There are 2 protein chains.
Amino acid sequence: VPTEAPRETLDRIHEAMVGAMRALQGEICGRLEQLDGAARFSLDAWERPGGGGGVSRVLQEGAVLEKAGVNVSNVHGALSPDLARRLGGEGEDFAATGLSIVVHPRNPFAPTAHANVRFLRRGRTGWFGGGSDLTPHYLFEEDCRHFHGVLREVCERHGQSYARHKKAADDYFYLRHRGEHRGVGGIFFDDLGGDLEDGVRFVEDVARAFLGAYLPVVERRKDLPYGEAERRWQEIRRGRYVEFNLVYDRGTLFGLETSGRIESILMSLPPAVRWPYDHRPVPGSREEALLAVLRAPRGWA
Amino acid sequence: VPTEAPRETLDRIHEAMVGAMRALQGEICGRLEQLDGAARFSLDAWERPGGGGGVSRVLQEGAVLEKAGVNVSNVHGALSPDLARRLGGEGEDFAATGLSIVVHPRNPFAPTAHANVRFLRRGRTGWFGGGSDLTPHYLFEEDCRHFHGVLREVCERHGQSYARHKKAADDYFYLRHRGEHRGVGGIFFDDLGGDLEDGVRFVEDVARAFLGAYLPVVERRKDLPYGEAERRWQEIRRGRYVEFNLVYDRGTLFGLETSGRIESILMSLPPAVRWPYDHRPVPGSREEALLAVLRAPRGWA
């Protein structure tokens with residue numbers, strides 16, 4: 001539920017978010033570069049014709065990370081009538097600022113992961129949204145438990161319900177046409193009001209927690225030996241990632257419709273992807289074990 | 001504009017279409033196998049829980065064709081309220097039968113191509129839809145002229161306006177978020193009524209003309225030498241194909257929403273695809289020459 005507040009308060013929260021997101025972007029890119037050990041993040045600043053802009057940072061063809069993006073955006077302006085109808089709240093002018101992270105490692109045993117946090121202001125109301133989720137190509141239960149455990153801790157530290165946000169992630173990251181979830185979930189929330197100062201601290205912590213939740217998992221898996229078959233499976237699973245982002249993901253479709261900077265919106269798409277016809281994993285295989293979890297989400301923390 | 005006719009007439013047209021599409025499916029698969037010279041089409045028959053079904057035929061990892069699909073479907077039943085609102089015409093019961101063809105050659109100099117024709121009946125009205133379009137990764141003007149020339153001939157033979165259907169294809173096969181057309185177009189129509197017997201003959205001819213329009217183009221390009229750079233560009237362009245099909249294509253989204261057989265709906269997706277961040281062709285390159293045509297469609301026939 002959006003929080004009503006004086007315009008000055010909302011502007012102050014917005015500015016606090018912008019500052020926090022910029023600092024986090026630098027910190028996260030630094031840690032991902034350390035993990036990779038070879039490639040560096042590029043930096044593209046862009047402006048939005050209607051107001052605002054962003055900074056996109058992307059690392060490609062690294063030793064460990066095949067593609068990673070860490071974007072900050074800070075846009076504002078007048079809402080189109082269509083958008084005004086669909087977005088919560090009231091009023092014609094809006095502002096949105098957020099950070100989004102997507103990491104596609106090279107090794108098929110290292111999962112893909114994503115996190116995103118944002119603050120939206122519309123008229124005299126403001127609210128937060130965000131989430132963080134893990135998309136393994138092979139199931140390592142300890143990785144899922146670790147990732148979810150860190151997110152549970154963050155939620156509890158801020159008096160947020162991990163159970164509710166976990167359930168929301170299971171509902172959101174779902175490919176209806178496949179009957180499959182995108183991955184093993186995480187947390188998701190899209191209308192968090194309450195005390196706005198608390199909100200900034202919570203989402204900042206969610207974004208920072210991505211490092212603790214995800215990096216140790218990649219460390220554990222990045223050097224496992226793999227062959228053509230595992231790589232192929234990874235590229236097939238990445239196809240599902242594309243299907244989710246282009247067919248269902250609200251952030252992506254919002255971006256496409258509002259003519260955001262297209263390369264920043266689609267930086268989430270995996271570097272190399274395959275769509276063989278009617279691929280089915282061998283019964284009893286590790287690939288099939290993953291599918292079982294994607295079809296029936298479990299509790300992990 | 002849909003044509004009103006007695007139910008018996010509409011059923012007869014539907015059956016004529018089903019027969020024609022099945023025969024064409026065999027003929028087209030045979031010709032594509034001949035072209036490939038190595039791989040064969042698989043055959044999957046499927047049933048739709050609500051009524052009807054289809055036959056999907058796919059060839060993968062051939063010598064010339066990396067992935068090709070030729071699908072026939074013949075579905076009927078009751079319309080969901082949501083679909084009833086969006087589909088033209090009136091009445092609760094519907095039937096749809098059609099053929100769709102997508103070919104992704106291996107050689108980056110050989111274009112991807114697609115054709116689709118269908119007959120829809122709703123209550124006491126019936127109408128045809130269809131189209132055929134060429135998606136080159138490199139521009140060979142003679143290929144575009146040949147492809148469009150064959151389509152113009154088909155239209156003229158049946159008293160159809162090539163100019164109107166060509167314009168409709170330019171409008172339809174467009175990625176708004178990229179400001180790019182999917183390829184160099186072809187023809188597109190989605191509410192063709194008139195004499196229904198004439199309609200069957202026209203769409204049958206459009207589907208058969210795919211062979212004459214497209215196969216000679218692949219023959220000309222399939223053995224041209226290419227390297228890593230051309231292959232990479234092809235995979236990047238295929239990413240746009242995915243973006244179009246998952247974000248805009250009405251047939252694909254219709255299929256996803258109506259819970260059609262998912263592997264038949266998504267057989268159109270290319271076998272291997274890449275999304276590098278912010279790829280830009282070198283100024284003056286052949287890759288840039290293609291983009292210029294995708295941004296400003298030309299007349300070809």
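The values are calculated or read from the model by the stated rules, or taken from the named source; none is laboratory data. Being a predicted model, the structure only gives us computed values, none of them experimental. Neighbour counts are summed over all protein chains in view; Cβ atoms, including those assigned to glycine, are modelled from backbone coordinates with ideal geometry. Remember, those area values only see protein heavy atoms, side chains included, never the ligands or the DNA or RNA. Shrake-Rupley method; radii C 1.70, N 1.55, O 1.52, S 1.80 Å.
For this structure, a couple of remarks:
- Exclusive hit being in a helix (DSSP H, G or I) and modelled with pLDDT of 95 or more, set B:V117, B:V154, B:V103: B:V154
- Hits in the range A:172-187 (condition: more than 14 Å from every other protein chain (Cβ to nearest Cβ) and part of a strand (DSSP E or B)): A:H181, A:G185, A:G186, A:I187
- Residue tally, condition within 30 Å of B:L224 (Cβ to Cβ) and either of a type in the set (K, R) or over 20 Å from the mean Cα position of the chain (by Cα) (or both), over the range B:19-60: 7
- Those strands (runs of 3 or more DSSP E) of the range B:28-79 in which 1 or more residues are at positive phi occupy B:52-60, B:65-78.
- Every residue from the range B:57-74 that is crowded, with 19+ Cβ neighbours inside 10 Å and either more than 14 Å from every other protein chain (Cβ to nearest Cβ) or farther than 16 Å from B:M267 by Cβ (or both): B:V64, B:V72, B:S73, B:N74
- Given (1) assigned to a strand (DSSP E or B); (2) at pLDDT 95 or above; (3) not polar (S, T, N, Q), index of the condition B:R145 fails: (1)
- Applying a threshold of 6 Å to beta carbon distances and a minimum spacing of six or more residues, or different chains, the list of pairs starting in the range A:286-301 at a residue that is at pLDDT 95 or above and ending at one that is of a type in the set (A, V, I, L, M) reads A:A289/A:L139; A:L290/A:L139; A:V293/A:L139.
- Among residues of the range B:189-204 being open to solvent by 20 Å² or more (accessible area, probe 1.4 Å) and within 14 Å of the chain's Cα centre (by Cα), the one that is nearest to B:L246 (Cα to Cα) is B:D190.
- Which listed residue, of A:T112, A:T125, A:T135, is more than 16 Å from the chain's Cα centre (by Cα), on the phi < 0 side of the Ramachandran plot and among the β-branched types (V, I, T): A:T125
- Any chance A:L266 is at pLDDT 95 or above and more than 14 Å from chain B (Cβ to nearest Cβ): no
- Restricting B:V217, B:V247, B:V273 to residues that are crowded, with 21+ Cβ neighbours inside 10 Å, touching a residue at least 40 places away in the same chain (Cβ under 8 Å) and of a type in the set (A, V, I, L, M) narrows the list to B:V217.
- Flag for B:L211 being of a type in the set (A, V, I, L, M) and surrounded by 17 or more Cβ atoms within 10 Å (Cβ to Cβ): yes
- Test: residue in the range B:272-283 that is away from chain A (no Cβ under 14 Å) and out of contact with any Phe, Trp or Tyr (no Cβ under 8 Å at 6 or more places or on another chain): yes
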